[in-house]
Amino acid sequence: MTPSLYRRERGVIMVIALITLVILMIGAIATIRSMNSSLTNVGNFGFKRDMANQADRAMRKALDTLTALGAPDANNPSINYSAVMLSSTPEGIPQVLLDTSDPGAVGGYGSAANVIDLTTAQSGESSTNIPQLKLYYVIDRMCQAAGPVSPTNCQTASTDTQGVKGPKDVKRPPKPLFRVTVRVDGPRGSQSFYQATFSN
């Protein structure tokens, strides 16, 4: 083999090696981007699940407070309670929770003391795993007007004739429906809403 032909062959191998290296680098970059995207999605799912878990705190607080105080016939801001169904979006979210700023007193239907602030470490908690969430909630009775419950102006869980078999049977009073709506504000401007309907 002549020296010039040998040099030409070495040059071709070098070009092929460079093309192969470029293809491998493109594949590696695509794999890294795909992994980053997958990790971001997994992180988002975990973050969303944590927001839902923390929303249970506000839901439990609202239910416990309402159970302890019964079903008031009038508004009670100290427990974030409205005896009248609140104005809502088509999705069913009360307008008082949609304020983009810190709602604090929940549009006049609640107390700022009921805001569950998880942006600082609670007693006994490590400051390294703070969820960085704020929870706001409001309870509204599914009635058109305040005052005693009436099947004509309230959505009820039962009618006054339910369970009646004969004229001497005791009639059950109607039980109103209540709606608890929780707003969870998280880091990076994230916001979620959770809702439950129940009767006492």
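The values are calculated or read from the model by the stated rules, or taken from the named source; none is laboratory data. In this text the structure is predicted, and so the values were computed from the model without any measurement. Positions of Cβ are backbone-derived with ideal geometry, glycine not excepted, and every protein chain shown enters the neighbour counts. Ligands, DNA and RNA are excluded from the accessible area calculation, which covers all protein heavy atoms including side chains. Shrake-Rupley method; radii C 1.70, N 1.55, O 1.52, S 1.80 Å.
A few notes on this one:
- Extension gain for the segment residue 20 to residue 89, taken as residue separation times 0.36 nm less the Cα-Cα distance, is 19.1 nm to one decimal.
- Karplus-based coupling profile of the stretch 147-157, in residue order and whole Hz: x, x, 6, 9, x, 7, 10, 10, 7, 10, 7, with θ = phi - 60° in 6.51 cos²θ - 1.76 cosθ + 1.60 and x standing for Gly or Pro.
- Computed E for residue 120/residue 68 - FRET, C-beta separation, R0 30 angstrom, nearest 0.05: 0.65
- Accessible-area order (highest first, 1.4 angstrom probe) of the listed residues 85, 14: 14, 85
- Under-5 Å amide H pairs with residue 81, H placed in peptide plane, nonlocal only: 76, 139
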